[in-house]
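Step one of this worksheet: look at the structure below.
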Amino acid sequence: MKISWSECLCLILLHLQQTTVSTLERFEVLGPADPVVAVAGEDVVLPCYLKPSISAMDLHVEWFRVQIDNPIVHLYRDHEDRNENQLPSYRGRTSLFPEELKKGNTSLKLCDVRGSDDGPYKCFVESQEWQDDSWINLHIKAVGTQPLISIEGYKEGGISLVCESKGWFPQPQVVWMDSEGHSLPAGHTETHTDSMGLFTVRRRVIVQETETNRFTCRVQQQQINEMKETITDIPGEMFHRAHPWKVTFAVIFSLSAVGITGCAVLIHRFVKLRKKRAQLKEQYGELQEQHGDLMKRDGELQEQHELITRQLTVENMCRRAELLKAQRYAVDVTLDPDTANPWLILSEDRKQVRHGVIWQDLPDNPERFKYQSVLGKEGFSSGRRYWEVQVGDKTYWRLGVASESINRKGYFALNPSSGLWALSLTGNEYLAFTDPSVLLPLSVKPRKVGVYVDYEEGQVSFYSVEDKSHIYTFTGYKFTEKLYPYFWLGSRNSAPLIISPVSDTD
């Protein structure tokens, strides 16, 4: 069959067009190499742009905080801002640049920055067949007020001074110094944060009389190279009130020079000192009694500590027994490919799932998740179920159960109100997705997690299989629809989640 030159030219142009489209579907998301520094109370732009400079008008652009539950800072999708699930602290303070989106500029403007804005951000851009992201670190800078020094009174034979300064970020150091610039031993630094996330610092010191009675409070923040200090001079007469014995000695010395005529005054002073000594002795007795009470209280606290330790030991034994009991309800769980996000790759036996590097061309059926999630094939609406998942050294994962009606085509709140009962590892923080989420201070990192569900009791429990320890339990829920095993994989670690056979069922 002969092909005319015009038909051949059309085929070549069509091929070039497809090649260009395919090339433009792949892009890099780039941000600044150095941290962005912003002054509290002002506006800042977090730079982010695409390479090549293709239009982002039809793309999904998301800004979010790293390692924060429900971390959305700003979301652009379907040609408009969609900030229904935005972090409350960012409401009304974020915006993109609509005209710049056409040039591939996905930078974020953040208004009225505050101390709580400090930290890492991620600029995430996604098309139908490609995604990439970039990290941007934002450092907030705020220089506080001139330190204010005030006198609190007499204490421990000296004068108690307090120094306070407000409106700092990051948190500064407070140093007390004498007239020669030597540091003075002082109490711990008290810190508070205001509505803008800025620090108020306060520190006390007890000073003794010196040759100059000059003292300095210095507030310094080395990270932003800022320092403020205030100097105070205290009259020497004020220290005499802190040492009554000095006044007594001066009176006795003066009377000795007067002679015998001053004996009556001296005797009167001596009697007053005797009375003062008796009062001090009485106060000493009261202090001894208080010390005895404190020692008794300390003994009671030690007994309570031992009791709590024993209770925790018994509770841990009970939890181990609970795990053995849960393992009796082990079921065979396999992954459902019809629900898997196209970025996820399932093994042939459907026991493993990992995050791939290429978007798979899969049908967009109603069951399939838009984001990196997949469900188990076997759902249930009664009885008890148990399965185990090997997480290994992965640093980003979520495990648990999801209701049949959970939103599979968009974002959903990470808590039971959306139909999700799950445990999460984000970086080095373990969370239980309650409302609000609960931080779990685990001393041992689980490498294999057991999941137990009692449908009738409304209970979902998680266990660390290796040491047979209990991690967390959702209780008191009333399940009304079918539940499915739930798996989520972050894109930062390609290691798989593996559904393991349950061996310890005796």
With the full set of protein chains in place, find how many percent of the accessible area of segment 122-189 is carbon and sulfur; take the probe as 1.4 Å.
49 percent
Show that you can apply the helix-only estimate: for the chain, add -39,500 (n - 2.57) for every DSSP H stretch of four or more residues, divide by all residues, and state [θ] at 222 nm to the nearest 500.
-7500 deg cm²/dmol
Report the charge-dipole magnitude of segment 143-195 in Debye, nearest 20, computed about the Cα centre from +1 at each Lys and Arg Cβ and -1 at each Asp and Glu Cβ.
100 debye
Short version: ³J(HN,Hα) in whole Hz for each residue of segment 34-42, in order, from phi by Karplus 6.51 cos²θ - 1.76 cosθ + 1.60 (θ = phi - 60°), x for Gly and Pro, what are they?
9, x, 8, 9, 9, 8, 4, x, 9
Ignoring ligands, DNA and RNA, what percent of the 1.4 Å accessible area of segment 39-117 is carbon and sulfur?
49 percent
Per the charge dipole of the chain (beta-carbon charges, Lys/Arg positive, Asp/Glu negative, Cα centre), the residue among Pro71, Ala321, Val44 reaching farthest to the positive end is Ala321
Would you please classify the overall shape of segment 343-415 from the alpha carbon gyration tensor, given that a ≥ b ≥ c denote the square roots of the eigenvalues, rounded means a/c under 1.5, and beyond that prolate means a/b larger than b/c while oblate covers the rest?
rounded
When ligands, DNA and RNA are left out and all protein chains stay put, how many square angstrom of accessible area per residue does segment 417-506 have with a 1.4 Å probe?
45 Å²
Solvent-accessible area per residue, Å², over segment 72-120 with all protein chains present [probe radius 1.4 Å]
46 Å²
By how many degrees, between 0 and 90 and to the nearest 10, does the Cα long axis of helix 263-327 differ from the longest principal axis of the chain?
20 degrees
Please give the contour-minus-distance gain from Asn83 to Ser381: 0.36 nm per residue of separation, less the Cα-Cα distance, rounded to one decimal in nm.
103.9 nm
Using the Cα centre as the reference, give the magnitude of the dipole from point charges on the C-beta atoms of the chain (Lys, Arg: +1; Asp, Glu: -1; all else neutral), rounded to the nearest 20 debye.
1540 debye
What net charge is computed for the residues neighbouring Ser134, neighbours being all others with C-beta under 11 Å from the C-beta of Ser134, Lys and Arg scored +1, Asp and Glu -1?
-1
How much of the accessible area of segment 362-496, in percent, comes from carbon and sulfur atoms when a 1.4 Å probe is used?
48 percent
Taking loop as defined by DSSP and a crowding limit of 13 other beta carbons within 10 Å, which trypsin sites (Lys or Arg not before Pro) in segment 347-444 fit?
Lys409
What net charge do the residues around Leu110 carry, taking every other residue with its C-beta under 9 Å from that of Leu110, with Lys and Arg at +1 and Asp and Glu at -1?
-1
Under a 5 Å amide H to amide H cut-off, with H placed in plane at 1.01 Å, what residues pair with Leu198 once short-range neighbours are removed?
Gly115
Determine the per residue accessible area of segment 128-248 with all protein chains present and a 1.4 angstrom probe, expressed in square angstrom.
56 Å²
Once R0 is set to 56 Å, what does the formula 1/(1 + (r/R0)^6) return for the Cβ-Cβ distance between Ser494 and Thr145, expressed as a FRET efficiency to the nearest 0.05?
0.65
Expected output is a single nm value to one decimal: the length gained when fully extending between Ile308 and Leu273, i.e. 0.36 nm times separation in residues minus the C-alpha distance. What is it?
7.5 nm
How would the chain be classified by its alpha-carbon gyration tensor: rounded, prolate or oblate, with rounded meaning a/c under 1.5 and the a/b versus b/c comparison settling the rest?
oblate
Give the long-range amide H neighbours of Leu344: residues separated by 5 or more places, or on another chain, with amide H under 5 Å away, using H modelled in the peptide plane at 1.01 Å from N.
Gly356
Between rounded, prolate and oblate, where does segment 376-506 land on the alpha carbon gyration tensor, with a ≥ b ≥ c its root eigenvalues, rounded for a/c under 1.5, else prolate if a/b exceeds b/c?
rounded
Accessible heavy-atom area order of His240, His355, His79, highest first, probe of 1.4 Å
His79, His240, His355
What percent of all Cα-Cα pairs in segment 137-231 falls into each 10 Å bin, going from 0 up to the bin containing the maximum distance?
17, 48, 25, 9, 1
Share of antiparallel DSSP beta bridges in the chain, in percent to the nearest 5?
95 percent
Do any trypsin sites (Lys or Arg not before Pro) in segment 462-504 lie in a DSSP loop with no more than 12 other beta carbon atoms within 10 Å, and if so, which?
Lys478, Arg492
Note down the accessible area of Thr189, probe 1.4 Å, to the nearest 10 Å².
50 Å²
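The values are calculated or read from the model by the stated rules, or taken from the named source; none is laboratory data. Remember, predicted model here, so these are calculated numbers, not experimental data. Virtual Cβ from ideal backbone geometry, glycine too; neighbours counted across all protein chains shown. Note: accessible area is taken over every heavy atom of the protein model, side chains too, but ligands, DNA and RNA are not part of it. Shrake-Rupley method; radii C 1.70, N 1.55, O 1.52, S 1.80 Å.
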